[in-house]
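Before any comments, here is the structure.
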Amino acid sequence: MNKIKVMICDDMQFVSQCFEILIKQSEDIEFVCSVDSGEALFEELKEAVPSAQKIGIIRAYAGGKHIFLR
């Protein structure tokens, strides 16, 4: 059976670490990597998924980062 591959993208390291711990405990899910920005995630995806494209932009707002899709 193929495992579900998961990449984490969050600017809060503590949150990423918590999810990583939970994911690594699962037999059905494979933890691939953790990054702290959308740009870093895109760079990681470009190698593994040549057809990866940016579909949104990130703009700052009072509550933190938010992705606006076109």
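The values are calculated or read from the model by the stated rules, or taken from the named source; none is laboratory data. All values reported here derive from a predicted model rather than from experimental measurement. Methodologically, a virtual Cβ is constructed for each residue, glycine included, from the backbone with ideal geometry; neighbour enumeration extends over all protein chains shown. Heads up: the accessible areas ignore ligands, DNA and RNA and are worked out on the full protein's heavy atoms, side chains in. Shrake-Rupley method; radii C 1.70, N 1.55, O 1.52, S 1.80 Å.
For VAL32, VAL15, write out the residues from largest to smallest accessible area, computed with a 1.4 angstrom probe and no ligands counted. Present the calculation step by step, with values, prior to reporting the outcome.
Numbers: VAL32 70, VAL15 40 Å².
Largest to smallest exposure gives the sequence VAL32, VAL15.
Note the full-extension length gain between ALA48 and GLN17 as 0.36 nm times their separation in residues minus their Cα-Cα distance, in nm to one decimal.
Values: separation 31, 0.36 × 31 = 11.16 nm, distance 2.24 nm.
Working it through step by step, the gained length comes to 8.9 nm.
Would you kindly calculate the mean projected area, averaged across all directions, of the convex hull enclosing the Cα atoms of region 4-43, in square nanometres?
Computing the convex hull of the Cα atoms and averaging its projections yields 2.5 nm².
Near SER34, within a Cβ-to-Cβ distance under 9 Å, what is the net charge of the other residues, with Lys and Arg +1 and Asp and Glu -1?
Within the 9 Å Cβ shell, the charges total -3.
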